[in-house]
Structures are given as structure tokens and as C-alpha cells.
Amino acid sequence: MEIIQFLNTDGTLLDGAEVRLSDEQALAGLRLMMLARAADRRAMSLQRQGRFGTFGPVMGQEAAFAGSAMALDPARDWIVPQYREMPALLHHGYPLECWFGHFKGNAAAAEIPDDVRMFPIQISLAVQIPHAVGLAWGLRLRGLSGIVICYFGDGASSEGDFHEACNLAGIVKAPVVLFLSDNGWAISTPREKQTAGATFAERGPTYGFPGIVVDGNDLFAVHAVTLEAVERARAGLGPTLIEARTYRMGPHTTADDPTRYVDPAERAVWEARDPVDRVQRYLTAKGLWDDAAEETCVKEIATEVDDAVEAAERHAPPGVDDLFEHAYASLSPRLRRQRDALSRRVPS
Amino acid sequence: MSRNLEFCLPDVGEGLGEGEIVAWRVGVGDRVVRDQVLVEVETDKSIVELPSPSEGVIAELGGKPGDILPVGAVLVVMTVAGGSPGTSPDAPPQRVLASPATRKLAVELGVDLARVRGSGPGGRVRKEDVLTAAAPEPSPPAAPTFSERGVRVVPARKSTCGEADGEGTVERVPLRGVRRRVAQTMTRAWQQIPHITDFREVDATRLVAARLRLRDRLGPEFTYLPLFIAAVAAALGRHRALNASLDAEAETITYHRGCHIGIAIATDDGLIVPVLHDADRKSLAQIAVECSTLTQAARSRAVTAEQTMGGTFTITNFGSYGGWLGTPVIRPPEAGIAGFGRIHDAVIPVESVPAVRALLPMVVAADHRLVDGDALGRFAADLAELLADPVLLLA
Amino acid sequence: MTVMTMVQAIRATLFEEMGRDDRVMVLGQDIARLGGVFRATEGLLDTYGPERVVDTPLAEGVIVGSTLGLAVAGMVPIAEIQFFGFAYQAFHQIGAQVGRFRFRTHGRFGAQMTIRTPFGGGVRAPELHSDALEAQFVQCPGLKVVMPATASDAKGLLLEAIRDPDPVLFCEPLRGYRLLKDEVPEGDYTVPFGQLREARPGTDMTLVAWSAAVQIAEQAAERLINDGISAQVLDLRTLVPLDIDGLVRAVERTRRCVVIHEAPLSAGFGAEVVATLQEEAFYSLEAPVARVTAPDTPYPLAIAEDLYLPSVDRVVDAARMTVKG
Amino acid sequence: MVVGEVPEGLDLLVVGGGPGGYTAALRAARLGRQVTLVDEAGAAGVGGVCLRTGCIPSKALIEMAETVHRAMAWTRTGPVDLARFQGFKEQIVRQLGDDVRRQLDEAGVRVLQGRFCFTRPGQGAVQREDGGPSRFVEFKDVILATGSRAVELDALRLDGEQVIDSTGALALAALPSKLAVIGGGCVGVELGTAFAKLGAHVTIIEALDRLLPALPATVAHPVQRRLAVLGVEVLLEARVSGFDGDRLKVETLRGLEEVEAALVIVAVGRRPNSDHLGLELIGVRPSVGGMLDVAKDRRIAPHVAAIGDLTPGPALAHKAMAEAEVAADALCGRPAAFDPAAIPAVVFGDPEVAVAGLSAEDARAIGITVRVVAMPLRASGRAATMGATEGFARLVIDTGTDAVVGAQIAGPHAAELISAPVLAIEMAASPADLAGTIHPHPTISELLAEAAGRP
């Protein structure tokens, strides 16, 4: 199966590349990737200071998530994420401070705004794929034109839910884009131990829909491939499985030590394919990017990240009521009693 | 050599004058052994099985089922010591001669036709023979109360009064036993006693609480009845006109020293009123135990003659079958009777505020020849006070 | 009022509610064309069409998982798990996802969905069909667990479940599908959650049960009359939410209690009932609260189930012990 | 249902739609029960063997044969059109069946199709004919009335063409010239007589030493004599060992014989349909012959009653119907017992014979002293006008109680006439009661009064 790639590592386009991003969009994409990378670094630093909880950095995979999300229409399309797709969520309207809020462990700070169409971050691998299929199916049943993109990784593809969900998606022709980001690792388990297949995407046709392999570090290719899948879904042609080949440049999570299993040589290969560098080179060649532009951008982003951290930390810590408030639509007498008993013990 | 032995109807109860033959368990010609049951006799108090005094062969029966014999009348003539012609034990079982309708009736009434003597030609069993032989339920005797006289007390037979089985025919049965006794007594009472009656509802909230406490102490079977008895006994102590009896012919009034409270108990055969003697001198616990014994004995028709005698006042409990109030009839020669309805929650004003309280409906009837309206009212008020505040029973 | 069997009541309720609200849909294995293996969804396909009456692939996980997605999309989905024993294969979705979705989204999304499933044994089903797993789902906060015991409750509670903004696990007593018949109110009839039902009044003791075990309790109560024991039967109806006040009030009156369930003894929901009673009604109890349950062993093959499940005899024995010591 | 036994709740279940089954169903429905009747053939099976393939169709054949036979005495007629007869028979069966179905319908009895078997006490499965999934039922009470089926001979399997049972015989569309009937009991005698009267050459082969072995020898004699007159050959103490399509091989006391036959009718008795009921699951074990021991109220277990051919006694519809009433009453909580003094039995042979109560031999065997009074059919003017001479009326009287305890009648309409003695036996009437009852003249019934009046 061929791998779709538009952009060389040196920033030049391959023959036949059908870039569907305008220059402004390409600039916005670059900024999004840089923002994500900065936020990642900041979050890492805060986690090391004990101000943040465990979280999974996105470093190295920015193009996969930025490029795919840029194919969506946030006004009607939905994202059903796993937990590493920060650039996609930011693009879709999820505020950075909420992202920080979630990993700080404060639910109130992470609350999805009313006009943002996304499911919450999902820690249990692959369980969100059935949700996404059901959501997409339901949107169609309700006569809405929105489609759903569901993110998951190479590890999640081994779960039963992946199979069950793909199977159902094919049968009901759910308007869903199944976006598998193969970053090479499930914690320490390499891709070769998740599947003996040559690709993940080749499974698509066995469920009755196309599967496509794309260079996950190529913003333009990811965007174009996803856009096509989105158009297919919106036209009622059913799901598409996209396998985005990328590489996790950071640890699995802040609690992980990848030096125990990552071969530095392999990592070096992928470092050369950095998604951000590539777009910078492309834009520089077009005269749309230079050191000055970069400096301005980095400064802006730093401020934005500082503001978001500050906003996330400004949220009041949760109280006993927060344990109960959203457990059910309304509390039973028994739960009210439990809440009252607990409140007496924990002064608010 | 053989001789004839006459077995006469013994006095099976205290001073009872007569007995009704309910069913023969033997027929003429039957060979019987000592202590084999010969006949069932029903007295005013109960049904008893009379056993044979000796081994022998039945020569003659002293009456038909339904006959009433005075004590001392010959019940059975039997040939003893020497034998006599009878049915050979090896004789093949022979079909009982009876029509299909009669056989069906026997099945329905649980009568073993082989043990019924047919009154028709050639011993053919008729419908009437089956009806009179309708046997008692074959359950074991309750207690050998009269064993020294060779008399056993057994549970009563089911009444055969009323519609046969809904098929539209009416069945007539003679008025006998307890039912006859009840009919006689109640006719006399209603014809002779001018009744006056006091109705009231008592706030029983404390009584309910008291009963719950006492139940914890005296066991789960503790009912309200012992409390009613204790209260009535206490009230009677202060109003002797209600604890009296009138002999209209002799024109004398008897005031009783002791309070002997009759408890009206419904049984399948009719009302039975065992008496709890000296209720005014017994503790609640004693009353409770005796109540329970008497009630069970009455239900199984195992009440002794003595246990039904000497009452001075009667209590009836409509509440046990859900009733609110009724108009009880005094049992002559007593002067009064009290009835209690079902305790129920009701909203009543308590200090001008609506409150939910437990209410006990109560009725007291008295013989107006002995008791005037105001005396009855005062008795009823006292009784009501004792029930409303059972602590007063300790006073 | 019409006399219906439980399965007729369920079918009628689904039919009526789908007519009333076009967001309501049903999905599951064999439910459309066949009408469900118990015919609970028979006739729905003809009236409401294949978009709203859907035969799914044989996969409990995605049946429940996609139902959550459908609910977020604004449908009112009712999923069927063909046998409760198969719920194990959807446990990660029901337990970890469906129940806590409202909580995980801080109230942004609820999951207005119902999972219907036949419940309990006694019908000689093959292995793994009959497991009584209710207590395991009671341990999944955010989920409501509803267990009707009569046809009229099946209607009233199912309608309530469909309309409840939270996800409801709706367990239907399989053995009673065609056995239990009673008068079912017509029209828009709902039974609120968290209100137990006094299936039979009594004064000397209380038998607590749910689902099919209510019938066992009622039969036991009938037999206990011969012992002079007046046994009250409570049908809990919903385990989550639990009608604590109703339960405690009743046992405070009768002072004695036996709990009956089909699930194994240890950590069964009976343990919750007993614990609650000792917390709330300790000083009213005259005797230890007894439990009549399956043993802590796997559900056996068909013929042995009569030995395994609570029987009328066992309930009567326990009740006698409780009353008479 | 795909898996499991999800039971449907029923009140009272009746298994079998024959005379016993439908009578029980109607009785229980009248007593207020919700009754469900299950029969292997569903509503079409209502009426059972009796109505559909037994008593009723055979009586139609016998009646037709008698009519033809009598007509032939006066005028030569051509061969009988059996196909037309089949139409007549089917119409009767349909009409009578419809009548029972209407009664069941009006009584609110639901009729299911399928074969019932217990799965445990109080529950059972109703299996479908087509092998589809069973329906499971749970019931409060059940009355078993599955009847009996014809016994087959190992030496001679039914082939539906040349070797048939009585059902096949009653469905014949053409009359064979030579036929053999195996079994000289009630069915064999009735069919043999009827086909002989229609003109066939008939041989009856019986294993025992006389015809109608279940009935007193007294009534067998006139039947045997008339068969000889009709040209029917009777082989007694004979056993069939094979059939080659033209000839039956028969072992007799004389040795091996051959009987020419184009058609063989097997009528060697019946066996209770108690197998396949799953009785072992409710702890009931049939006797060796498959019979179920019942209590007087027809119960075999607390909520299970059995009636009819499943239970001891003659396999007769009227016995099943009488037991049905008792069983329904008992399961509805009414005291009831099956306790007849006499169950009549009738054979529609030539002459027609009927018996009830005790024969003189039976009575003496159990130690009852009896006298027998009899009148020959020749003494009846009415019989003479019918051209009937072979027959009698006999009464058995218990001398100890002076009660009629048995009766045997042979002659025209004996089956109708037996009811009077049955009533007398049940009522324990004395012979004087019978003699003192005015009987109409000229009828054969007068013989009964005359016999009763003899010293």
C-alpha cells in the first residue's frame, strides 16, 4: 500500500501533490503546531514541578492532528479524541486552558464549552470508537450534516472495540473518519508487536470501506487525505480508515522513561522528518516565513500559554458537591444523604 | 355362654342432661374390641367419641343419628363373652348398594359408604343415611380431658348447613349442637332483656403503644384482648350493677364478687364463650396466657364444660374480623356485654389541632332492668378512660 | 386496563413510545426481523422501519458503545442485550463509559439511553445465559438499575427509563416473560424510580426481593399463612435508586426481614439491603436479617439450576427461622 | 424462542383432544378454570380417535354394510361405492368435530397444536409437528388424556396399502375380494362382519381360543354362529407369521396354514400413549403395559390427573368421558371419585352385543351368590319382524341383596338396550323393579322385563 506524502523533509513539494491548504491556512497550521509544542513543553515543566498531573505529550505528531482537524468544520463536525490530540482539539475550539485544566485534575476547569463539538478525553483505549460510530450514525439519523472524526492509536487497534466499531461503521455506513495515528509505540510495545500486517489501513476494505496510509508528519498530505474522507462521509459514502504514520518523539506520558526502550538511531531518523521544520521550510521558500516571523510567533505563543496556565490554575479547587453534582441528572435521597454526610466531614 | 351388656349414655360434661347421636361408628352385628369407638355424641359443649366398655358384638343400637338421648339412656346393647354370629373377617368386600347420586354425595361429604348402615331394602344406602353419617374430620383428638370416664373430646365436624354446592338445591339439616344452644340462648336474651347501648370511640394511641411494649415483653402473640379484659374487670370493680344477674322469676338480683369474663369466640359450628375466671385478680401476663389457651381450646372445640360456666360479663371483639361496631346481645343471666371494634388511624382534633390518632370503637350494652342509662354511661366512661390511658390499670 | 404478559407489556410500551417520540429507536441482536428472541420487539420493524429498528452485528460492546454515541447525537436509543450473561462482553462500556458519561463531561452531556436485557434463570437456558449480575452494575455509579417484577411495572418503569435523562439498565425477568400476567394501565403510564412496591401486605415479617424472585417471595408468603406467619413482600423495583425510606419503614414495622435474590450470596445486593437495615433500623430488628440466595458458585448447567436458585421452600425455612428462632 | 424454556403461564392444561380430553376441558371451563387443550393435531384433532378414525366412522361403515346386506336379501344390487361412502363418512366426522370445536370455543377453551411432554413438575413443552421450536408452558393443573394407539405386529408391519390398521380400513375407497382381519376382538369382529356383509370374503384370525375374549363367552357364541352364516372364516389359536402379498402364513394348532388375502387388517389391541410424556420427570412410572395407576379421583400426582385409555379399565370413550368429569372436579378442588358400578361395553357385530356389570362367572369368582335369568331373542315378536333370531337378554342377580348386578344382551340394538340394565345396576334395582316397569310393545326391550320377572 502506498504512503501518501506531499511535502519533502526539505520543504519542497513532491510531484503531483494536491495541497488543499491556502497559504494563510498553512501559516495557521504552522502556528497551531508551534503552539502545541510550546504547550507540551510547558506542561512537561509544570508536571515536573508537581503543578500538573500525568499527561501524554504530543511532540512529533503535531501535523497529524493539526492537519486532520483542519479538514473539519467545527460548526457541525465532531471530534471523539483519545488523549494525545491536543492540536486537533485546540483547532476545534477547545481552549488551551481547559486542556491544562484537565491534566491539572480539575473537572470544572476542563469543561467542554457549549459550542465545542467534542467528546471528553478518553483514557480507556479504543472504547471511544464505538461511541464515535454511534454518534456519527445518530447525526445521520437526525438529518444533520455533521460528521465525526475519531482519533486512536496503533495500540488501540488491537482492542476488540476497534474491530466491533469498524464492523458496525461499515454496516450502517456511519459518517465517520477513523483516524489511526501510528506513532510507533504503545508505551514500550513497538508497532511490530501490535500487528503482523503490513499496514493498519489495509483492514478498512475488509469492513467494506477504504483504508489510506498517509505520512503523518506531512501537514498537507494529512489535511488532503482527511478532507477527502470528510467529504466521503458527508456525501453518505460511509467511513474511511486513515493510518497516519508518525513518531512519538516524547515519552508515552510524563511517567514514562523512553530511554529504556527507544533506539536513538531510529529516533534520529524521525527527528529529520520533524513536521514543524518541514512546514517552516516550505513557507520560508515561499517567502512567507523568516526568523523575525518566527520570533514574533514564539513570543505570542509564550504569552498565550502563560495565560492559559494562569487561567487553568485560577479555577477554584473542587469541593464535595463536585463529586455528586454530575453523577446523575438529579440526586436520589440516598446520594443526597451521602453528600451531606461527606460535607460535614470536609469543611468547604 | 354369652350375656347382654347395656352401655348407657354417660354424663360427659358437668351437669349436662342430654346428648345427640351424631354418628354411629359401628352397626348391629359388628364385632368390637374394648375402647373401640362406638358412637359420636354431641353435647352443648362439644362432640365426644364414646368407646366400648368391653369386647363383644353389637346387638342393638339405642337410637339413630340426630336422636337426642337423656343421660342414662341405653346407648348400645352388646353381646359379650361367648361371641355371636357376625360378619366373617374373610368375607369378600361387597359392593355397597347405593345409587350413583348417593355415592357421589358420600364422596363429597367424606363418608365411607362401607361404614354406613343402609336403611333401604336389603341394606341399600339412601341419601339420608349418608347425610346423617356425615363423618367428623379424621384428625387426632386434642386432649384426653375426660379420660377417666373413658370419654375423648374431638374436633367438631364441619357444618352441613346451607346451599349444597351452588347447584341450586337447598339442603335442610336439623338444628343441633352448639348452633341449637346458641339459638335458644339468643332467643331468650333478645325476647326477655331490654337492651340499652352506649357507643363511643376511645383515643387508643397509648393503648397501641402499651400493647407494643407488652408484646416485646410477653411475646408476639400478645393481642389487645388481655388489655380489654383487664380494663373491663377493673371497671366492673367500680360498677357492681354491671357485674350482676337477675332472676326475674324469683325477683332477686345477684351481685357477683368475682369478675368472670366470658370471651365470645366464633367457631365453625357457632359461638362458644369460654370464661376467664377471676379476671380482676390476675396479672396481664396471666390473663394473656389464659386467653390464648381458652381461644385455642374453643377453636378446636376442646373447651371443658367447666371452662364455659360461671361467666358474669362478656366481651366480644368485632375488631378481629375487621368490624367497626355492632350491637352485641347480652348472655342471660348476665347484666352486660362489651364489644370492641378494629383500632384504626383517624384524624381527630387534639387540643383544636388535627392530629392522627389511633381510635378504638367501643360499645357496651346493659340489661335496662338492672342498669339505668346514667349508670351505663358512667361505666362506659370509666372503661374508656382505662383504655385511653392503660397506665391507670396499675392504680 | 388490559391483562398482558410481561413481554406483551414491554412490546406495547416500546411501540407506544416510538409512536410518541420519533427520536426513540431500538437496536440489538435479532431484534428487528425476528422481533427479538423473546419477541419483545416484534412488529416494531414493520411500523417504524429499519432506521429506527436495527439488527446489529453480534457484538455487545459496540451495541452499548454506539448507543452512547447515538444518545449524544440526540436519539433516544434503547439497546437490547440478548441475555444478561452476555453483558460481561459489554461490561467495559456499561460500567466504565455509559454510567459516568455525564460525570466525565461535567454535566455537558448526559446519556439518555436504556439497555434492556432479560434477567435471571429458571428456564434451562444454556451456560452463561442466566447469571444474575445486578450487583455488579449497582457498583457502576451513574447508571440506574431497574428490575420490574410485574407486567404493569414493566410498562411503567420502562417508560420512565426511556425518558430518564440518565442511562438505565433495565432487567426483565426472563422466566416471567410469558408467565407473569397482570392488568397493565393504558396510555402514558409511568412508575417513578426509587419507590418500592408492597407486593403483599403482612405484619409479622418482610420478604425483600426484586424481579423474578418477587414471585418466589409471594408464593412463600402464601405458604407461611399455614404457619400463622403474615409475611409482607416488598418488590424493590429499582436497586439504583434504592427506596431506603420505604425499606426501613417497612422493616421497622415488621421487625423481621429475609432478602431473596438469584445472584450468589457474597456481595450480592442482599448484602446492601442487610447493611442498610442494620444502619438504619438496627434497634427495630427482632432477629438477624436472613438472606436466601444462590451459593457462591458458578451458575450450573440447566438441570441443576433448581438446586441453585432460591426456592419457595428455602424462603419459607428462612422466614420460619427468622420469626420463630 | 431461541434458547431456554421461557414458560407461558397457564391455568389448567388438558393433553389430548379425544372424548376424555374435550369432556374434561369443557367441565373444567364450566367450573371457572382457564383451560388450554393441546392435541398433536391441534383443533383438527378434537374428537380424537373415537370421532375421527374409530367409533364414529366405524359405526357409519357398519350401518351402511347392514343396510346393503338387508337390501341384498330382497333385491340384487351392484357392488358398493366405497368412495361415495368416504364422502358421507367425512361429512359426519367434520360435522361432529365442528360441533365439539364450537363447544370448546364457546367455553373459552384455547386449543394448541403440538405434542406435550413434561419438563419438570408443573411445566412442560409443546413440541411442534414441523420440528420448530417448542412452546414452554407452566400450569397449575394438568389432565392427561393422550389415549392409546393400535399395537403393531412384529411379523407384519403396516405398509398402508396391503397391510393396514383399522384407520386405513375405514378409509378404503374400494372393496377387496378377499381380506383377512388379524385380531378377533371388538374391532376385528366389527370390521370383519361389515366387510363380509359388503360382499368380501373375510377370514378372522385370533390368537386366543375364542372371539371377543374381553367379553363373557355367552355373548361370543351368537356372534361366532352368525359369522359362520355370513361366510366368514374364523381361525382360533392362530398366529400370523408372514405375508407375501397374496397369502398369509398362519400357525395354527393344525400346523402351518395359508390364507388367501389381498388385504390384511391388523386389529390386535391398543397400547397407552404414556411414553414420550416425560413422566419420569414428575416421578411417575407407568406399569409394564404403559398404564398409569390412578387414585379414585384420577390423580397420579398432586396436580396431575390421568383419564381414558392411559389408565386401567376398558379402552372405551364413555369410560374416558366419565373419568374426565371426575378428574376435572378433583383438580378444581371438589371431592370426586370414579366409582361406577357398571361400565357398559358394546360390539357392533352381528348380532350387536352389549354387556354391563358382572357376568355370572365374575360374580361367583368373587364369592357373590347369583342367579341368572334369560330370555331368548326368539321370544321377541319384534325381533322376528326384523328377521333376527340369534340373541338373548340375560340378567345376573345377587341373591343375597336381590339386586341386579350384571346384564348381557345380544340382538338388534343391544347397544341401545343396555342402558336400562346399567341404570338398574347403578341404582341397585331389584329384578322386581325391572319387571314392574312397563316396557313398550312390540320391542326387544320387553325381553328384559320378562327375564327379570322369571323366578
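Distance between the modelled labels on C:ARG249 and A:ARG345, one decimal in nanometres: 2.9 nm (7 Å Cα→Cβ projection). Using only alpha-carbon positions in the range A:149-218, the gyration tensor eigenvalues give semi-axes of 20, 13, 11 Å once each is multiplied by 5 and square-rooted (largest first). Once C-alpha pairs closer than 8 Å and six or more residues apart are averaged by separation and normalised to the residue number of the range D:163-268, the relative contact order reads 36 percent. Restrict the search to the range B:297-395; then list the GluC sites (Glu not before Pro) that DSSP places in a loop and that have at most 10 other Cβ atoms within 10 Å of their Cβ. The qualifying sites are B:GLU351.
Output the 0 to 90 degree angle, nearest 10, between the alpha-carbon long axis of helix C:6-20 and the longest principal axis computed from the alpha carbons of chain C. Helix C:6-20 sits roughly 40 degrees off the main axis of chain C.
Using a cut-off of 11 Å between beta-carbons, work out the net charge of the residues near A:THR195 (Lys and Arg +1, Asp and Glu -1, A:THR195 not included). List each step's numbers first, then the result.
Working: positive: A:ARG191, A:LYS193, A:ARG203; negative: A:ASP154, A:ASP182, A:GLU192, A:GLU202, A:GLU243.
With Lys, Arg at +1 and Asp, Glu at -1, the neighbours total -2.
Counting other Cβ atoms within 10 Å as a rough exposure proxy, the listed residues C:CYS171, D:CYS55, A:CYS150 run D:CYS55, C:CYS171, A:CYS150 from fewest neighbours to most.
Given a Förster radius of 45 Å and the C-beta distance between C:LEU307 and A:GLU202 as r, what FRET efficiency does 1/(1 + (r/R0)^6) yield to the nearest 0.05?
The computed FRET efficiency comes out at 0.30.
By other beta-carbon atoms within 10 Å, ranking A:LEU180, D:LEU51, A:LEU21 with the fewest at the front produces A:LEU21, D:LEU51, A:LEU180. Once you sort the root eigenvalues of the Cα gyration tensor of the range C:2-184 as a ≥ b ≥ c, which label holds: rounded (a/c under 1.5), prolate (a/b larger than b/c) or oblate (the other case)? Rounded, because the longest to shortest axis ratio a/c is under 1.5. Counted by neighbouring Cβ atoms within 10 Å, the residues B:ARG34, B:ARG124 run from fewest to most as B:ARG34, B:ARG124.
Here the convex hull built on the C-alpha positions of the protein assembly as shown has a volume of 270 cubic angstrom per residue. Modelled label positions at A:ASP15 and D:ARG157, each set 7 Å beyond Cα in the direction of Cβ, lie 8.2 nm from each other. Mean projected area of the convex hull spanned by the Cα atoms of the range D:345-453, taken over all viewing directions: 6.1 nm². Projecting the Cα positions of D:GLY391, D:GLY290, D:VAL304 onto the charge dipole of chain D (unit charges on Cβ atoms of Lys, Arg, Asp and Glu, taken about the Cα centre) puts D:GLY391 furthest along the positive direction. Under the membrane-span-like helix rule (DSSP H runs whose alpha carbons stretch at least 27 Å along the helix axis, mean Kyte-Doolittle hydropathy -1.0 or higher), chain D yields D:55-74, D:82-106.
The Cα center of the range D:208-274 and the Cα center of the range D:113-188 differ in position by 23 Å.
Only helices enter this figure: runs of n ≥ 4 DSSP H residues, each worth -39500 (n - 2.57), summed and divided by the residues of chain C, yield -10000 deg cm²/dmol at 222 nm to the nearest 500.
What's the center-to-center distance, using Cα atoms, between the range B:269-330 and the range A:1-21 in Å? Between the Cα centres of the range B:269-330 and the range A:1-21 lies a distance of 106 Å. Using the Cβ-Cβ distance between D:LEU256 and D:SER177 with R0 set to 35 Å, the FRET efficiency from 1/(1 + (r/R0)^6) comes to roughly 0.90. Let a ≥ b ≥ c be the square roots of the eigenvalues of the Cα gyration tensor of the range D:249-404; is it rounded (a/c under 1.5), or, if not, prolate (a/b larger than b/c) or oblate? Note, shape of the range D:249-404 comes out oblate. Oblate is the label for chain D, because the ratio a/c of its alpha-carbon gyration tensor axes (a ≥ b ≥ c) is 1.5 or higher and a/b is not greater than b/c. The relative contact order of the range D:345-453 comes to 30 percent, based on Cα pairs under 8 Å that sit 6 or more residues apart.
For chain D, the relative contact order works out to 14 percent when only alpha carbon pairs closer than 8 Å and six or more residues apart are counted. Computed from label points 7 Å out along Cα-Cβ, the spacing between A:ALA302 and D:ALA73 is 13.5 nm.
If R0 equals 35 Å, the separation of the Cβ atoms of C:TYR283 and B:ARG257 corresponds to a calculated FRET efficiency of about 0.15. Residues within the reach of a label modelled at D:ALA384 (point 7 angstrom out along Cα to beta-carbon, backbone nitrogen below 17 Å), restricted to the range D:402-424, are D:412. Taking the three principal axes of the alpha carbon atoms in the range A:60-106, the coordinate ranges are 30, 27, 15 Å, sorted in descending order. Any idea how far the Cα center of the range A:57-115 sits from the one of the range C:285-325, in Å? Rounded to whole Å, the Cα centres lie 54 Å apart. Its Cα gyration tensor gives chain C an equivalent ellipsoid; the semi-axes, largest first and in whole Å, are 33, 20, 19. Only one residue of B:PRO53, C:LEU309, D:VAL15 has its Cα farthest out toward the positive end of the dipole of the protein assembly as shown, where Lys and Arg carry +1 and Asp and Glu -1 on Cβ, and that residue is B:PRO53. Where q = 0.11, 0.21 Å⁻¹, what log10 of I(q)/I(0) comes from the Debye formula for the range C:189-325, counting one point per Cα? Ignoring solvent entirely, the Cα scatterers give -0.35, -1.27. For chain C, the longest principal axis of the Cα atoms and the long axis of helix C:213-224 meet at an angle of about 20 degrees.
The numbers here are math on the coordinates, done by the rules we state, and not lab data. Remember, it's a predicted structure, so these values are computed and weren't measured experimentally. Neighbour counts run over all protein chains shown; Cβ positions are idealised from the backbone, glycine included.
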